[in-house]
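A.B. asks: Once you've had a glance at the structure underneath, I'll fire off some questions.
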Amino acid sequence: MKYPAQSDIWRLDHVIRPTNGASNGTSLVNHGQSRVLGRFRQIFPLSLFCDDLIVEELRIVHVKKNGPWAYEVISIMATDIASVNASSGMFFGQVHIKSLTGGPEIFVDNMLRRHIYKIRSLVEGIALSSREGLRLEHQSSLEAERQDILAAGSVHYR
């Protein structure tokens with residue numbers, strides 16, 4: 001519905017169709033589900049019931065296992081990511097993902113150090129691409145897109 005009296009921010013069709021810089025103003029096409037960029041699991045001897053952390057293009061999913069056949073699933077959309085905190089020791093680390101909406105936060109510990117920093121880079125990358133309109137050159141290849149998001153979310157220490 002386009003009324004002449006409405007400005008661009010009040011047009012309903014503009015608000016409900018998400019766009020980013022890579023799509024040139026057209027609506028984003030989602031083929032029914034978000035592609036998985038990374039799947040990470042806690043280490044078994046340190047956690048009896050290992051949690052899973054799934055990083056997708058459009059959301060972060062934490063599958064928390066409370067016991068045998070008892071699960072809790074927490075999902076944060078990429079546009080709702082407030083911050084990502086990652087810390088590690090010599091071998092293991094933890095990641096904490098906060099939500100802008102004040103909803104549930106994702107906290108996963110007892111993961112391998114190399115996985116922690118990969119999770120942090122992926123989450124920062126998808127937050128940048130969804131919120132700031134980051135252009136990704138390889139929209140068709142999943143591995144190339146994963147490498148672009150890792151590079152966008154990486155921290156350069158020097």
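A.B. asks: Would you tally the residues in region 66-88 being in a strand (DSSP E or B) and either within 14 Å of residue 106 (Cβ to Cβ) or out of contact with any strand residue (DSSP E or B) (no Cβ under 7 Å at 6 or more places or on another chain) (or both)?
C.D. replies: Within region 66-88, the first condition is being in a strand (DSSP E or B), and the residues that meet it are 66-67, 70-77, 81-88.
Cutting the leftovers down to either within 14 Å of residue 106 (Cβ to Cβ) or out of contact with any strand residue (DSSP E or B) (no Cβ under 7 Å at 6 or more places or on another chain) (or both) gives us 67, 70, 72-77, 81-86, 88.
Residues that pass the stated criteria total 15.
Quick grid of which residues meet (1) exposed (fewer than 11 other Cβ atoms within 10 Å of the Cβ); (2) within 21 Å of the chain's Cα centre (by Cα); (3) modelled with pLDDT under 50:
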residue	(1), (2), (3)
10	yes, no, yes
13	yes, no, yes
31	yes, yes, no
49	no, no, no
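So that you can scan it fast, the table gives a plain yes or no per residue for (1) under 17 Å from residue 39 (Cα atoms); (2) part of a helix (DSSP H, G or I); (3) under 12 Å from the mean Cα position of the chain (by Cα); (4) modelled with pLDDT of 90 or more:
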position	(1), (2), (3), (4)
90	no, no, no, yes
101	no, no, no, no
110	yes, no, no, yes
120	yes, yes, yes, yes
133	no, no, no, no
138	no, no, no, no
143	yes, yes, no, no
146	yes, yes, yes, no
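A.B. asks: Restricting the search to region 48-78, which residues are in contact with a Leu (Cβ under 9 Å, 6 or more places away or on another chain) and among the acidic types (Asp, Glu)?
C.D. replies: Result: 56, 57.
A.B. asks: For residue 44, work out the one condition from (1) modelled with pLDDT of 90 or more; (2) farther than 30 Å from residue 141 by Cα it doesn't fulfil.
C.D. replies: All conditions pass for residue 44, except number (1).
A.B. asks: Pick from region 62-83 the residues that are aliphatic (A, V, I, L, M) and under 17 Å from residue 39 (Cβ atoms): which of them is surrounded by the fewest Cβ atoms within 10 Å (Cβ to Cβ)?
C.D. replies: Taking region 62-83 and keeping what is aliphatic (A, V, I, L, M), we get 63, 70, 73-74, 76-78, 81-82.
Going one step further and asking which of them are under 17 Å from residue 39 (Cβ atoms), we end up with 63, 73-74, 76, 78.
On the way: 63: 16, 73: 10, 74: 18, 76: 23, 78: 20.
Filtering first and then ranking leaves 73.
A.B. asks: Just to verify a result, which residue in region 52-61, among those that are buried (at least 18 other Cβ atoms within 10 Å of the Cβ) and assigned to a strand (DSSP E or B), is modelled with the lowest pLDDT?
C.D. replies: Our first condition is that a residue be buried (at least 18 other Cβ atoms within 10 Å of the Cβ); within region 52-61, this holds for 53-57, 60.
Then keep just the ones that are assigned to a strand (DSSP E or B); that gives 53-56, 60.
Values: 53: 95, 54: 94, 55: 92, 56: 89, 60: 93.
The residue in question is 56.
The values are calculated or read from the model by the stated rules, or taken from the named source; none is laboratory data. Since we're looking at a predicted model, the values are computed, not measured. Quick reminder, even Gly has a Cβ in these numbers, built from the backbone with ideal geometry, and neighbours come from all protein chains shown.
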